[in-house]
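The values are calculated or read from the model by the stated rules, or taken from the named source; none is laboratory data. In this text the structure is predicted, and so the values were computed from the model without any measurement. A quick note on method: Cβ atoms are made from the backbone with ideal geometry, for glycine too, and the neighbour counts reach across all protein chains shown.
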Amino acid sequence: MPKTSSRWLGLLFQVGAVLLALLFTSIILLLVGAKPFQAYERIIYGAFSDMGHISDVLVVWVPLVLVSAGLLITYSTGLWNIGIEGQIALGAIFTVWAMRLLQDSSIPPVLIILVGFLAGMLGGALWAALAGALRVFGGVNEIFGGLGLNFVSTALTIWLIFGPWKRPGVGSMSGTVPFDTSLWLPMVGGSRLSLWSLGLGILGIVVVYFILQGTYFGLRLKAVGKNPRAAFLMGIPTSSYMMLAFILCGVFAGLAGAVQVTGVYHRLIPSISSGYGFLGMLVAMLVNYQAIGAPFVAFLFAALNIGSIQLPIDLKLDSTLSGVLQGALVLFVLLMDGVRRRVLHKK
Amino acid sequence: MKVELQQIDKHFGSVHANDHITMTIPAGTIQGILGENGAGKSTLMKILSGFIQADSGVIKLDGKKVVIHTPDQAIHHGIGMLHQDPLDFPPMRVVDNLVVGSPGGLVPNKKEAIAALKKLQERFGFQIDPDAYVETLTVGERQQLEILRLLWLGARVLILDEPTTGISASQRLKLFDTLRKLAADGMTVIFVSHKLEEVEVLCHRIAVFQRGRMVGEAKPPYVTTKLVEMMFGKAITLDERAPCATCDPVLKVEHLEVEDTRLHICDINLEVCRGEVIGLAGMEGSGQRMFLRTLAGLTRPVGGKVIVHDKTLTGKTYASFRKAGVTYVPASRLEEGLISGLSLTEHFILAREQKGFIINRDAAVKETEENIDQFFIRGKPETHVEALSGGNQQRALLALQRQDVDVLLIEHPTRGLDIESSIWIWSKLKARCQLGATIVFISSDLEELLHYSDRILVFFGGKVSEPLDAGTTTVDQLGQLIGGLGMKS
Ligand SMILES: Nc1ncnc2c1ncn2[C@@H]1O[C@H](COP(=O)(O)OP(=O)(O)OP(=O)(O)O)[C@@H](O)[C@H]1O
Ligand SMILES: [Mg+2]
């Protein structure tokens, strides 16, 4: 059957892409005088050698998978939500803001955390709605709008940390005053992993999978993404759907920000998004917009991020090597996809 | 150039689109290709012009075997193709469109291109402004441009896949003249069409396709009934026209004034009855499309009123028009009508009433299967729309229209359909009229206009005629009106 054979071919090409990415990274390692296999071994060691490391990987996985889930929605609608970084930051800012307001009241901590999460979702959604409105009503391409809003969000974060929310005395790059431990998400054993946020990550990707696969709403989003003119003539209000896609993505980004605040940093720090927004875009591209693959690729990327922390410790290599590998993966997968299409076309 | 196709074979999954087709076309011939929708005509043409590859088979040009993998290689060998769905670069100027595909240095030589364009235009009597934007050209002009471009690139074999579907009668005559001139110069022309009368007047010989196979060839003098039988395996006749009942106005247009950058039309008045069919005639770009889009709420009128079911909808959004029971069926199927990348089932889900939040796939597949049967769409529920043949895309587009709408605004309802399907589509549309639907449609096919409309509006030079009674108008009269003769000023 041609269908299954082309699926095998697809898999073959994907494996080829991974090998090429490894080869590419190895060459770079050789160029800087390092031993590739040793580096890879250290990365794997750093990611999986014990429960502590594995739980660290999961700590990264949660915001990454949430962001990827949100981005799958905007991608399906044909939108490049570059503003995702800012949306994470605004989610974090709103969470911190709500919790600062409530932390000295007599409200039970659980409720404060809950309000913090809601505020985070709101913050992300608002920031995304801004990018969306610029695109849909102002005709500003979402890539430029998002880029601009990312800069604004960074400035806002820094201003808050050194201005209104500065630590007693003098503001510091280490961020605002941490919240009381009662306002931290409960963590497993001695790790930094919270089962609550883990559950949230899983729930998030499941919800998005379900929306895109099984609902009218998801199908309409795809229709708008693939051909807005035809979708409009079919009676789908394209502007509203684009706005909704942005807002939903913003909600997921805001959740990621809230997780970073309540579960990881317990305060606002300058780079609260940790680049997970951009990394999430790579994840979404790598899974070719299919929600089913996102949790696995996000896990791989999280493992690379955590594992590469071992590099400077053991090999005096910079940990940005994980970024090289991640970027190379995306490039080669896209490249091989192009090659595969050409080959299939030829046949 | 002599073109030989030997044992060309092509499968798409389980569909045998071309079944070992062999044909030889001598230089200087206009070869007609006839066949019902999905017969494999476009597939063969795309193979010859390098857009897709055959599974097996040989192509010979002037006796030499050639391998064609891309359109680029095809044009290098002198084969150029005009597509059923025009592929051009709309946001560009005409000259840029010309030079963009040309080989040559880094800096394209625009002056040379303009000069060459001018010479070619003079020869064929075309009048395209080199500085105009392609998107402002009518379909007919784009086609002329595309022919010029291919000639300029050195085409010696010209393939035209249903070239007359979107153009006016006069543009068609011009096209035929051009093709005859080219053939006289030794060019090989391959002309794919559903319209028997066109193929009969133009082509030196005809090949008939059926379900992927070449089932017959004919040379003049042609016998129409024979050709029809070869195409469908049976004889086909037109339905009789049904008389119109008393008038119950559904759609009213009062002193409507519409304009775009090229045209301004004032004071259009019309009352369309329940069950009535109104045809809009005119050369492409005479304002009929703008008028139809205004009736759908897609374009805002400058003045006047549009009233549907006694509700004044002027200035309201397309959504409110839809709510009032109006629907719009565009002509450009893959640009505005259907969504590439989605399956037929997904289209039916989108087009039908939403039931709940979650899609019931099984029910949707079932409904799609019913529609596929009913509308004879050659495809499966999971087929992506871009994989359907042109005619099958049109059937799908019509099948998607909801049953509860009662004002259907249709651009070129049977564009690209073979005669059998056209008759059948119109029987479906007429059945809807019997149930109370009203149809306003654009067509460039005079026979279609006269046969299926109750009344016809003719658009010419910024004016609109009084509604003509289609029953008492002849093809010649209509043709003259479209050409501007006898239009009241
Ligand atoms: N890219 C594709 N993928 C799958 N099937 C295809 C593809 N292109 C064409 N087909 C199928 O091949 C068959 C022949 O299609 P083709 O476009 O050649 O028909 P055609 O004779 O040009 O018909 P029409 O008059 O409707 O344009 C059809 O059944 C069509 O569905
Ligand atoms: Mg075709």
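Would you say B:Phe12 is hydrophobic (A, V, I, L, M, F, W, C), within 14 Å of another protein chain (Cβ to nearest Cβ), within 16 Å of ligand 2 (Cβ to nearest atom) and touching a residue at least 60 places away in the same chain (Cβ under 8 Å)? Judged against the criteria, B:Phe12 is a match.
Would you mind finding the one in B:Gln53, B:Gln73 that is away from ligand 2 (no atom under 16 Å from the Cβ), assigned to a helix (DSSP H, G or I), within 14 Å of chain A (Cβ to nearest Cβ) and modelled with pLDDT of 85 or more?
Result of the check over B:Gln53, B:Gln73: B:Gln73.
Just wondering, is there one or more residues in segment A:174-196 that are touching a Leu at 6+ places or on another chain (Cβ under 6 Å), part of a helix (DSSP H, G or I) and either crowded, with 18+ Cβ neighbours inside 10 Å or more than 14 Å from chain B (Cβ to nearest Cβ) (or both)? Yes, segment A:174-196 has at least one match. Among the residues of segment A:289-347, just one is within 14 Å of the chain's Cα centre (by Cα) and loosely packed, with under 15 Cβ neighbours inside 10 Å, namely A:Phe296.
So which residues in segment B:406-431 are of a type in the set (Gly, Ala, Ser) and under 12 Å from the mean Cα position of the chain (by Cα), if there are any at all?
Here is the first cut: in segment B:406-431, the ones of a type in the set (Gly, Ala, Ser) are B:416, B:421-422, B:427, B:431.
Residue satisfying the conditions is B:Gly416 alone.
Taking the condition within 14 Å of chain A (Cβ to nearest Cβ) and away from ligand 2 (no atom under 16 Å from the Cβ), does B:Gly28 pass? Answer is no for this residue. Could you go through segment B:447-458 and let me know if any residue there is closer than 30 Å to B:Val15 by Cβ, modelled with pLDDT of 85 or more and either within 16 Å of ligand 1 (Cβ to nearest atom) or out of contact with any helix residue (DSSP H, G or I) (no Cβ under 7 Å at 6 or more places or on another chain) (or both). Checking segment B:447-458: at least one residue is closer than 30 Å to B:Val15 by Cβ, modelled with pLDDT of 85 or more and either within 16 Å of ligand 1 (Cβ to nearest atom) or out of contact with any helix residue (DSSP H, G or I) (no Cβ under 7 Å at 6 or more places or on another chain) (or both). The single residue among B:Val228, B:Val223, B:Val192, B:Val215 that is surrounded by fewer than 21 Cβ atoms within 10 Å (Cβ to Cβ), closer than 29 Å to B:Phe441 by Cβ and not polar (S, T, N, Q) turns out to be B:Val228. Look at A:Ile205 and say whether it is closer than 30 Å to B:Phe348 by Cα, touching a residue at least 12 places away in the same chain (Cβ under 8 Å) and either of a type in the set (D, E, K, R) or within 11 Å of chain B (Cβ to nearest Cβ) (or both). When the stated conditions are applied, A:Ile205 does not pass them. When segment B:388-404 is limited to residues that are within 13 Å of another protein chain (Cβ to nearest Cβ) and within 16 Å of ligand 2 (Cβ to nearest atom), the one that is surrounded by the fewest Cβ atoms within 10 Å (Cβ to Cβ) turns out to be B:Gln393. Taking segment A:213-301 as the region of interest, the helices (runs of 4 or more DSSP H) fully inside it that hold 2 or more residues being among the aromatic types (Phe, Trp, Tyr) are A:216-226, A:238-259, A:276-286.
I need the full set of residues from segment B:51-69 which are within 16 Å of ligand 1 (Cβ to nearest atom) and either surrounded by fewer than 22 Cβ atoms within 10 Å (Cβ to Cβ) or charged (D, E, K, R) (or both), in order please.
B:Phe51, B:Ile52, B:Gln53, B:Asp55, B:Gly57 - these are the residues of segment B:51-69 that are within 16 Å of ligand 1 (Cβ to nearest atom) and either surrounded by fewer than 22 Cβ atoms within 10 Å (Cβ to Cβ) or charged (D, E, K, R) (or both).
Might you let me know whether segment A:208-216 holds any residue that is more than 14 Å from chain B (Cβ to nearest Cβ) and touching a helix residue (DSSP H, G or I) at 6+ places or on another chain (Cβ under 9 Å)? Yes: segment A:208-216 contains one or more residues that are more than 14 Å from chain B (Cβ to nearest Cβ) and touching a helix residue (DSSP H, G or I) at 6+ places or on another chain (Cβ under 9 Å). Test A:Arg220 against the stated conditions and say whether it is within 14 Å of another protein chain (Cβ to nearest Cβ), charged (D, E, K, R) and out of contact with any His (no Cβ under 6 Å at 6 or more places or on another chain). Considered against the rule, which asks whether it is within 14 Å of another protein chain (Cβ to nearest Cβ), charged (D, E, K, R) and out of contact with any His (no Cβ under 6 Å at 6 or more places or on another chain), A:Arg220 comes out as yes. Only residues that are part of a helix (DSSP H, G or I), crowded, with 21+ Cβ neighbours inside 10 Å and either within 16 Å of ligand 1 (Cβ to nearest atom) or hydroxyl-bearing (Ser, Thr, Tyr) (or both) were counted across segment B:115-167, and they come to 0. The single residue among B:Leu82, B:Leu34, B:Leu44, B:Leu48 that is touching a Leu at 6+ places or on another chain (Cβ under 6 Å), within 14 Å of ligand 2 (Cβ to nearest atom) and touching a residue at least 12 places away in the same chain (Cβ under 8 Å) turns out to be B:Leu82. Within segment B:365-380, the set of residues being surrounded by fewer than 20 Cβ atoms within 10 Å (Cβ to Cβ) and either at the interface with chain A (Cβ under 10 Å from one of its Cβ atoms) or within 18 Å of B:Gly13 (Cβ to Cβ) (or both) comprises B:Val365, B:Glu369, B:Arg378, B:Lys380. Restricting attention to segment B:1-29, the residues that are at negative phi, of a type in the set (S, T, N, Q) and surrounded by fewer than 17 Cβ atoms within 10 Å (Cβ to Cβ) total 4. Going through (1) crowded, with 17+ Cβ neighbours inside 10 Å; (2) near ligand 1 (Cβ under 9 Å from one of its atoms) one by one, B:Gly32 falls short only on (2). Is at least one residue of segment A:46-53 in a helix (DSSP H, G or I), in contact with a His (Cβ under 8 Å, 6 or more places away or on another chain) and either modelled with pLDDT of 90 or more or surrounded by 15 or more Cβ atoms within 10 Å (Cβ to Cβ) (or both)? Within segment A:46-53 (the criterion being in a helix (DSSP H, G or I), in contact with a His (Cβ under 8 Å, 6 or more places away or on another chain) and either modelled with pLDDT of 90 or more or surrounded by 15 or more Cβ atoms within 10 Å (Cβ to Cβ) (or both)), the answer is yes, since at least one residue qualifies. Does segment B:307-361 hold any residues that are more than 7 Å from every other protein chain (Cβ to nearest Cβ), hydrophobic (A, V, I, L, M, F, W, C) and either assigned to a loop (DSSP other than H, G, I, E, B) or surrounded by fewer than 20 Cβ atoms within 10 Å (Cβ to Cβ) (or both), and which are they? B:Ile307, B:Leu313, B:Ala324, B:Ala331, B:Leu334, listed by residue number. Reported count of residues in segment B:384-397, each being more than 7 Å from ligand 1 (Cβ to nearest atom) and either closer than 9 Å to B:Ser343 by Cβ or in a loop (DSSP other than H, G, I, E, B) (or both), is 2.
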